[in-house]
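The structure under discussion appears below in the form of structure tokens.
The values are calculated or read from the model by the stated rules, or taken from the named source; none is laboratory data. Note that the structure is a prediction, hence the values are computed from the model and not measured. Ideal geometry is used to build each Cβ from the backbone, glycine not excepted, and the neighbour counts take in all protein chains shown. What goes into the accessible areas is simple: the full protein's heavy atoms, side chains included, and nothing from ligands, DNA or RNA. Shrake-Rupley method; radii C 1.70, N 1.55, O 1.52, S 1.80 Å.
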Amino acid sequence: MRDQTEDMVLALPGVVLLAAAFVFPILQMFSLSVVHAPGGAWTIEHFARFLSDGYFLGVAWRTIWLSFAITVIAAIVGFPFAYIMARVGPTLRLWLIILVILPLMTSVVVRTFGWMVLLGRGGLIPFTLWKMGLVGRNFTLMQTETAIVIGMVQVLLPFMTLSVLGVVMKIDRRLEEAARTMGCGFLATMRAVVLPLATPGIVAGSLLVFTLSISSFITPSLLGGVRLPVLAGSIYESATKTLEWNFAAAQSIVLLIGVLAVLVPYIKLTGRRHG
């Protein structure tokens with residue numbers, strides 16, 4: 001009993017900080033979302049407006065779909081890269097880690113403007129595709145979902161790669177050698193040994209990438225433009241341009257509930273299967 005009391009006392013500052021930094025703002029946002037601005041009465045009209053408007057439902061679906069695509073592509077690219085980093089020598093691994101971390105030291109806005117130059121009309125990528133005869137001369141990737149996915153994957157790939165790297169580094173290489181001795185090829189070894197053991201890292205990276213991408217605002221807004229709004233951009237518009245703070249809070253609560261509805265079952269399923 002005394003040990004439990006001491007643990008509670010030690011944990012109290014962290015609990016207070018957590019409540020002040022996260023719980024209290026969420027509760028305040030929820031109260032703002034259910035208040036009718038003119039009279040201050042409680043109402044659910046802001047949620048009803050969101051759920052009954054096809055435009056906002058389309059924005060929500062686009063946000064979820066893009067976040068899912070970004071997460072899958074980041075996992076497909078990040079896992080092989082993390083495996084290579086884990087299996088090379090210490091010096092080369094250090095330089096590869098620096099290469100992965102280096103983009104995080106540059107502003108997201110700067111990197112996004114760089115993608116705007118590369119993907120825009122006359123940019124390097126459309127120009128190369130035009131020279132290869134795959135697209136027309138005035139082809140552009142700007143203001144497309146493809147541009148958003150490319151930009152967001154580049155921004156969030158380090159989170160996936162480093163999450164997987166930490167797990168793959170702990171996998172005993174003798175397990176792979178044993179699988180190869182038993183007749184497994186490289187791909188079979190990856191599928192039967194490495195991938196199952198690396199699942200916790202993939203899960204952690206997927207959670208980071210999905211939550212960061214679904215709440216991202218700058219990169220989707222610049223690469224997608226007004227033609228392809230996402231939910232974070234819609235919240236920003238409501239809070240700063242139309243000054244509908246109550247509706248912006250309602251959209252934020254919907255976004256939070258949507259994220260929890262996806263992440264909680266995902267965590268439970270993967271935790272049950274992989275510990």
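By the helix-only formula, in which each DSSP H run with n ≥ 4 contributes -39500 (n - 2.57) and the sum is divided by residues, the chain has a 222 nm mean residue ellipticity of -24500 deg cm²/dmol. Residues considered: L256, L156, L18. Largest GNM mean-square fluctuation over the chain, using C-alpha springs under 10 Å, is found at L18. Taking all protein chains as they are arranged and a probe of 1.4 Å, the heavy atoms of S215 leave approximately 60 Å² accessible to solvent. Entry comment: accessible area of the stretch 191-252 is 42 Å² per residue, from protein heavy atoms only and a probe of 1.4 Å. Protein heavy-atom accessible surface, 1.4 Å probe, per residue over the stretch 36-179: 57 Å². Subtracting the Cα-Cα distance of V110 and L10 from their residue separation scaled by 0.36 nm leaves 31.8 nm. Largest accessible area first, the listed residues L162, L175, L243 line up as L243, L175, L162 when surface is computed with a 1.4 Å probe on the assembled protein chains. Shown are M116, M160, M190, whose ranking by accessible area with a 1.4 Å probe and every protein chain present, most to least, is M116, M190, M160. Largest GNM mean-square fluctuation among T43, T219, T161, using the chain with Cα springs under 10 Å: T43.
Sorted into 10 angstrom bins from 0, the C-alpha pair distances of the chain split as 6, 21, 26, 25, 16, 5, 1, 0 percent. List every residue whose amide H lies under 5 Å from the amide H of V35, counting only residues 5 or more places away in sequence or on a different chain, with H placed 1.01 Å from N in the peptide plane. Correct list: T43. If only the Cβ of Lys and Arg carry +1 and only the Cβ of Asp and Glu carry -1, the dipole of the stretch 118-218 around its Cα centre is close to 240 debye. Distance from a point 7 Å along Cα→Cβ of L195 to each backbone N in the stretch 46-78: keep the residues under 13 Å and list them by number. Hits in the stretch 46-78 for L195 at 13 Å: 76-77. Here the stretch 1-149 has 75 percent of its accessible surface on carbon and sulfur atoms, given a 1.4 Å probe and all protein chains in place. Tell me the net charge near L228. Cut-off is 9 Å between Cβ atoms, L228 excluded, with +1 for each Lys or Arg and -1 for each Asp or Glu. So the surrounding residues net to +1. Principal axis extents of the Cα atoms in the stretch 58-119, from largest to smallest and rounded to whole angstrom, are 48, 25, 18. Taken one residue at a time, the phi angles of the stretch 70-78 give Karplus couplings (6.51, -1.76, 1.60, θ = phi - 60°) of 4, 5, 5, 5, 4, 5, 5, 7, x Hz. Gly and Pro are set to x. Surface composition of the stretch 200-257: carbon plus sulfur atoms hold 73% of the accessible area, using a 1.4 angstrom probe and ignoring ligands, DNA and RNA. Where in the chain lies the longest segment free of chymotrypsin sites (Phe, Trp or Tyr not before Pro) that are both loop residues by DSSP (not H, G, I, E, B) and have at most 15 other Cβ atoms within 10 Å? The segment 1-138 is the longest one with no such site. For the stretch 219-251 versus the stretch 128-145, the inter-centroid distance based on Cα atoms is 29 Å. The chain: longest stretch without exposed trypsin sites (Lys or Arg not before Pro) (DSSP loop, at most 10 other Cβ within 10 Å), sites themselves excluded? It works out to 1-136.
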